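J.: I'd like to ask some things about the structure below.
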Number of protein chains: 2
Amino acid sequence: MRRDVFQAIADPTRRAIIGLIALQAMTPNALAEHFNTTRQAVSKHIKILTECQILKQEQIGREIYYHFEPQKMKEIADFIEPFRKMWDTRFNQLDIVLNQIKSKK
Amino acid sequence: MRRDVFQAIADPTRRAIIGLIALQAMTPNALAEHFNTTRQAVSKHIKILTECQILKQEQIGREIYYHFEPQKMKEIADFIEPFRKMWDTRFNQLDIVLNQIKSKK
DNA sequence: TATAAGCGCAACTATTTGATTGCACAAGTT
DNA sequence: AACTTGTGCAATCAAATAGTTGCGCTTATA
């Protein structure tokens, strides 16, 4: 069972959960109200996100508040960072120039 | 069948493919030599990446060179961007301060 | 023209995923 | 003490995924 951050954000529901929890810590029930699925389905997503350390539990009485733990998201940022300059317009123009030089030789 | 960028980068082999192709356009055969799977398996990943517009075909004779198309990767950057400030150390310290203020009222 | 090389497509398989339903259990409430 | 609420866990199921094998088409090469 793969359990990495990339897998975690692959599901649109999980991305939505991250978006909600990032704004405010919530209980599974409160979270589930935002989706058209069962509480269990949401709870499973929460479990996966917790295992990936994107969420963190905080039990208060019989309620469990899930908090957003942003550190792990950095792994994704680190993956994309090297490509960032490649979608920059100025670099694309440079790329065209480089290709012209290459095709001339 | 979900076919978005987040799904595309969820697989470690596909992330490796992206890394290789970003450095240099390659044919499926050349690419497959880097992995311990069959050419077909790699070819399937290529197909998915192409459908997501992360790769672009360029046929040269009987060979097909796949190029990296960085634009789509921006979707991922856009998703993480809002969280970026949250893993910054300075923000975390601010967060602690804010929580202290909140708990006092 | 016969053969080989480079690829994509189709069929099939095992595994994983996302979701549902039902149950158990601890923490509050009456 | 009995009932309700908030959760997690287990079993089950359909669909998607990642991989393999076999086939056929097109483009080079002998």
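J.: So how strong a dipole does the stretch A:11-72 carry about its Cα centre when Lys and Arg Cβ are +1 and Asp and Glu Cβ are -1, to the nearest 20 debye?
T.: Dipole of the stretch A:11-72, to the nearest 20 debye: 140 debye.
J.: When a footprinting reagent is the concern and you count Cβ atoms within 10 Å, what order do A:L49, A:L31, B:L23 take, fewest first?
T.: Going from sparsest to densest Cβ surroundings: B:L23, A:L31, A:L49.
J.: From the alpha carbon gyration tensor of the stretch B:1-84, can you work out the equivalent ellipsoid semi-axes (sqrt of 5 times each eigenvalue) and give them in Å, largest to smallest?
T.: Equivalent-ellipsoid dimensions as semi-axes: 23, 14, 11 Å.
J.: Next question. Note the full-extension length gain between B:R3 and B:E81 as 0.36 nm times their separation in residues minus their Cα-Cα distance, in nm to one decimal.
T.: Working: separation 78, 0.36 × 78 = 28.08 nm, distance 2.20 nm.
The span from B:R3 to B:E81 would gain 25.9 nm if fully extended.
Each reported figure results from applying straightforward, stated rules to the coordinates on display, with no laboratory input. Since the model is a prediction, treat every value here as computed from it, not as a measurement. Virtual Cβ from ideal backbone geometry, glycine too; neighbours counted across all protein chains shown.
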